[in-house]
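Engineer: Please see the structure below; I have some questions.
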Amino acid sequence: MDTILLVVHLLIAVTLIVTILLQRSEGGALGIGGGGGGGGMMSGRAAGNLLSRVAAICGGLFFATSLGLTLIATYNTSPTDLLGGSENQVPAPFAAPEVPGSEVPAAPTAPEVPSAPVVPRG
């Protein structure tokens with residue numbers, strides 16, 4: 001579904017660019033495009049109305065497909081944290097590093113008492 005919508009979105013974008021570039025400029029800022037002349041299939045006014053309507057329709061469709069692609073992308077992904085892990089992961093508990101020589105000595109124990117007298121052999 002998202003691939004089809006993406007292709008439609010790209011086709012609308014290209015159509016929008018072409019219709020905007022085909023429109024006649026009205027300012028004549030650099031001395032191009034503003035003058036009349038040049039016959040064709042339609043008069044200048046009819047072509048301007050058609051191109052402006054097509055551009056407006058393409059603009060609305062472009063907006064709608066952009067929202068659709070955003071919604072599809074939002075609902076197709078699972079939430080993750082900034083480091084890329086899952087939200088449901090439980091972080092490992094913090095353990096302080098071991099410092100050499102800081103081991104707590106064990107309490108001294110009494111030597112084992114033999115149950116029977118030990119006779120030295122010799």
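Engineer: Quote to one decimal, in nm, the extra length available between Phe62 and Met1 on full extension: 0.36 nm per residue of separation minus the C-alpha distance between them.
Structural biologist: Full-extension gain reported as 20.3 nm.
Engineer: Could you give the nm distance between label points at Thr70 and Leu11, where each point is 7 Å from its Cα heading toward the beta carbon?
Structural biologist: Result: 2.4 nm between the two label points.
Engineer: Under a crude label model (7 Å from the Cα following the beta-carbon direction), how far is Ser115 from Arg24 in nanometres?
Structural biologist: Taking the two extended label points, one gets 11.8 nm.
The numbers here are math on the coordinates, done by the rules we state, and not lab data. As the structure is a prediction and not an experimental result, all values here were calculated from the model. Note that each Cβ is placed from the backbone with ideal geometry, even for glycine, and that neighbours are counted across all protein chains shown.
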